[in-house]
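Encoded as structure tokens, the structure appears first; notes follow it.
What follows draws every value from the coordinates through simple rules; no lab data is involved. Since this is a predicted model, take the numbers as computed values, not measurements. Neighbour counts run over all protein chains shown; Cβ positions are idealised from the backbone, glycine included.
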Amino acid sequence: MIEKAPLFIPSSDIEKQRESLFLLKTQHPFPTIEKEYLYWDKIKYLESSKFSKNTLWFNTKWKRSITQNRLQLGVSNYAIKYTHNVNEYLQQKLHYLDFNFGAGLQKEKLLSDLDKEQYLNNALMEESIFSSMVEGATTTRVKAKEMLRKKKKPKNKSEQMILNNYQAIQFISENQEEDLSIDKLLEIHRLVTHNTLEDDNIGVFRTSDDVHVMNHITGEIIHTPPKFKELHELMQSFCEFFNSNPKENFVHPIVKASILHFLIGYIHPFVDGNGRTARAIFYWYLLKNGYWLAEYLSISRVIMKSKVQYEKAYIYTEIDDMDVTYFVHYQVKVLTQAFEDLKKYVAKKKKEKLNFSKFLKIDGINERQAQILFWIEKDKNRAFTVKEIQTIFSITNQTARTDLEGLVSREFLKKVPIDKKSSNYWKGNRFESLT
């Protein structure tokens, strides 16, 4: 459990506080406090000759308290009040993401050498797989991708979760310009929980208060969400917050997407599936506000690798007077890392494209067929189906069949029937002559 910080009570001695802040700013030995937006559990180990750990914490809290933005969700006694800070370090990071996530020129520069549709399909699969794994799905990426590409029926709950997330992300991609409503929010939940919960709990808000967030290792309750009777008002306000961003109370879109993500987790409006719904809403808000690159990233893969920090970002916010900046900083780190991963992937694919160009030189072979032959060269035990090729390249069933049958006619592939209706396509007898 994270140690709660000493109680901070703002001093009425303004001059004394100004002196402390000036000293902290001019002689601050630990700029990482604001750069990383540290909480007490880290600050207490930064004691120096000039500042005790308590002084560091109190002055940090004072500085944050006079620059914070105060917001609330809802208007009645049920309202959730929270704050956030956008300091100079966070502004720099947001500018970097704005430039790379929203500039069309950067999109063309980064993705010009890739088949965008093919990569988009891969990115959607990656996001759906890892968003499920964050919530405990147990399967391999290889098996999960095979299920999605070949449109196989899920064999277990883990595979069902992945398919659900994939369909939810596709729904958001198709409806990204739309406003959020209670009905659409419930539809997202229905999509991510289909066949994984009892029917009475799918696509509806919870109807009891017997829901808690637990530490799965210690069994300790770490969060008790608002009462179910408060949900309708809170979620109606949530939709209004999603749909508007007035100039007089503007919140940077990435900051706001992060707050929306946090609020779903904090309110916990559903019996289960809150995390998957929260990440879907985060993804939707970014797309709606022009951050096109979010569609090409696997954000949940980064979250999966830093799950402890993900959970701590929630806890820090709640125990530090609902300062959601901790969660915003975490989400900005996630987006930045996901972008770095994308750049590495693009570099890898450019190198692969040089390797598969030899197949393009074969007379009568189109680019899709060359890609299939390249995949066979990389994995000679790999088999394809018409449905899989249709999904990978976003083409019609007939076009996919024509591509595969064309390779069969030249004996680069061989066709092996699975049943009366479908077949697998394997490496053919003349494939080795190509390499």
Point to revise | Qualifying GluC sites (Glu not before Pro) in segment 150-244, DSSP loop, other Cβ atoms within 10 Å at most 14 | key: Glu177, Glu178, Glu198, Glu220
Point to revise | Mean Cβ neighbour count within 10 Å, used as a protection proxy, ranking 283-295, 200-212 highest first | key: 283-295, 200-212
Practice item. Calculate the length of the line joining the C-alpha centroid of segment 136-190 to that of segment 244-275, in whole Å. Key: 21 Å
Study note, to complete from the structure: Using alpha-carbon positions, the gyration tensor of segment 361-434 gives root eigenvalues a ≥ b ≥ c; with a/c under 1.5 called rounded, otherwise prolate if a/b exceeds b/c, else oblate, the class is oblate
Review point. What 222 nm value per residue comes from the helices of the chain, counting each DSSP H run with n ≥ 4 as -39,500 (n - 2.57) and dividing by all residues, nearest 500 deg cm²/dmol?
Key: -18500 deg cm²/dmol
Check your understanding: Of the listed peptides 95-101, 257-263, 37-43, what is their order by residue-averaged count of other C-beta atoms within 10 Å, with the highest listed first?
Key -> 257-263, 37-43, 95-101
Check your understanding: Tell me, what ³J(HN,Hα) does each residue in segment 256-273 have, in order and in whole Hz, if you take phi through Karplus 6.51 cos²θ - 1.76 cosθ + 1.60 with θ = phi - 60° and put x for Gly and Pro?
Key -> 5, 4, 5, 5, 4, 4, 4, 4, 4, x, 6, 6, 6, x, 10, 4, 7, x
Review point. In whole percent, what relative contact order does the chain give with Cα contacts below 8 Å and a gap of six or more residues?
Key: 16 percent
**Study point:** Extension gain from Lys4 to Asn245, taking 0.36 nm per residue of separation minus the Cα-Cα distance
**Key:** 83.4 nm
**Study point:** Full-stretch length increase - Lys378, Gln92 - with 0.36 nm per residue and alpha-carbon distance subtracted
**Key:** 98.8 nm
**Study point:** Charged-residue dipole, Cβ positions (Lys, Arg, Asp, Glu), the chain about Cα centre, Debye nearest 20
**Key:** 1880 debye
Check your understanding: What full-extension length gain, to one decimal in nm, is calculated for Leu120 and Asp210 as 0.36 nm per residue of separation minus the Cα-Cα distance?
Key -> 28.4 nm
Exercise for review: Can you list which of the GluC sites (Glu not before Pro) found in segment 318-424 are DSSP loop residues with at most 15 other C-beta atoms within 10 Å?
Suggested key: Glu411
**Study point:** Packing-based ranking, highest mean first, of 163-170, 78-85 given that Cβ atoms within 10 Å are counted
**Key:** 163-170, 78-85
**Study point:** Loop chymotrypsin sites (Phe, Trp or Tyr not before Pro), segment 296-333 (other Cβ atoms within 10 Å of the site Cβ: 15 or fewer; DSSP)
**Key:** none
